[in-house]
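Structure, as structure tokens:
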Amino acid sequence: MLAFCDGGPELIDRYNRDKALWRAFRQRVAAYHRDLPAWQEQVRVNNYRIGSIVELAVYRRLLQEQESGLNIMVQPPIRELGNRGFADFGLYFKGHSRVYIEVAGTVTNTGQSVSENAEKFRVGIEERLMRYMGAAPVEVIHIDEVCDVSTQTERVRQAIERAKNS
């Protein structure tokens, strides 16, 4: 989030290391932007934890764009992999195959990490996404796509359309 507000790498790294500063930042944002939803440290949906604010943004967009008959699953097992992994979200229309959504919350769609701290997670994210190759239908939504509301909406609609037509 800070990267897309021109926060600069130094500022982002500082917020990543200083939990009290991050908490103060969230409180200031909430005070000045009262229309934003309240920050929730741990968001749970049907007892499953949504792991980041970026995933939460995608989940809320899914709810806004939800069509009749669409089931949205949080942290569903990946059936095509013998349940050896979990996706961030699953979309399912009765009579159609499941489509998975993975939110790459620290990597842009060009493969760049948003900060030095995020670079540590890039390899793990790439490995997680590779498990799908040739096995399961997945839509990957990157952080830069989440941070642009129109792009996020379009990507969520694409995923829903893919679930409807699979």
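Yes or no, residue by residue, for (1) more than 17 Å from the chain's Cα centre (by Cα); (2) of a type in the set (D, E, K, R); (3) more than 22 Å from ASN47 (Cα to Cα); (4) assigned to a helix (DSSP H, G or I):
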| site | (1), (2), (3), (4) |
| --- | --- |
| LEU62 | no, no, no, yes |
| GLU67 | yes, yes, yes, no |
| PHE121 | no, no, yes, yes |
| GLU126 | no, yes, yes, yes |
| GLN152 | no, no, yes, yes |
| ILE160 | no, no, yes, yes |
| ALA163 | yes, no, yes, yes |
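Within segment 121-138, residues that are under 14 Å from ARG79 (Cα atoms) and touching a residue at least 40 places away in the same chain (Cβ under 8 Å) have Cβ atoms under 7 Å from residues that are among the charged types (D, E, K, R) and surrounded by 15 or more Cβ atoms within 10 Å (Cβ to Cβ) in these pairs: ALA135/GLU80; ALA136/GLU80; PRO137/ARG162; VAL138/GLU102, counting only partners at least 6 apart in sequence or on another chain. Residues in segment 43-69 that are modelled with pLDDT under 85 and open to solvent by 100 Å² or more (accessible area, probe 1.4 Å): ARG44, ASN46, ASN47, TYR48, ARG49. Say whether the condition of being in contact with a Cys (Cβ under 6 Å, 6 or more places away or on another chain), surrounded by fewer than 18 Cβ atoms within 10 Å (Cβ to Cβ) and either modelled with pLDDT of 80 or more or under 27 Å from LEU129 (Cα atoms) (or both) is met by at least one residue in segment 3-21. Checked against the condition, which is being in contact with a Cys (Cβ under 6 Å, 6 or more places away or on another chain), surrounded by fewer than 18 Cβ atoms within 10 Å (Cβ to Cβ) and either modelled with pLDDT of 80 or more or under 27 Å from LEU129 (Cα atoms) (or both), segment 3-21 yields at least one hit. Touching a residue at least 12 places away in the same chain (Cβ under 8 Å), exposed (fewer than 14 other Cβ atoms within 10 Å of the Cβ) and part of a helix (DSSP H, G or I) - does that describe any residue in segment 109-116? For segment 109-116, residues touching a residue at least 12 places away in the same chain (Cβ under 8 Å), exposed (fewer than 14 other Cβ atoms within 10 Å of the Cβ) and part of a helix (DSSP H, G or I): present. Which one of the conditions (1) touching a residue at least 24 places away in the same chain (Cβ under 8 Å); (2) out of contact with any Ser or Thr (no Cβ under 8 Å at 6 or more places or on another chain) does ILE143 fail to meet, given that it meets all the rest? Every condition holds for ILE143 apart from (2). Looking only at segment 69-88, residues that are under 16 Å from VAL140 (Cα atoms) and part of a loop (DSSP other than H, G, I, E, B) come to 6 in all. Within segment 83-108, the set of residues being open to solvent by 10 Å² or more (accessible area, probe 1.4 Å) and in contact with a Phe, Trp or Tyr (Cβ under 6 Å, 6 or more places away or on another chain) comprises ARG98, THR106.
For GLN152, the requirement of being over 24 Å from ILE72 (Cα atoms) and among the polar types (S, T, N, Q) is not met. Entry remark, segment 124-161: residues being modelled with pLDDT of 95 or more and open to solvent by 70 Å² or more (accessible area, probe 1.4 Å) number 4 in total.
Do the conditions hold for LYS120, that is, is it exposed (fewer than 14 other Cβ atoms within 10 Å of the Cβ) and basic (Lys, Arg)?
yes
The values are calculated or read from the model by the stated rules, or taken from the named source; none is laboratory data. All of these numbers come straight from a predicted model, not from anything done at the bench. Here Cβ is always computed from backbone atoms with ideal geometry, including for glycine, and neighbour counts include all displayed protein chains. Remember, those area values only see protein heavy atoms, side chains included, never the ligands or the DNA or RNA. Shrake-Rupley method; radii C 1.70, N 1.55, O 1.52, S 1.80 Å.
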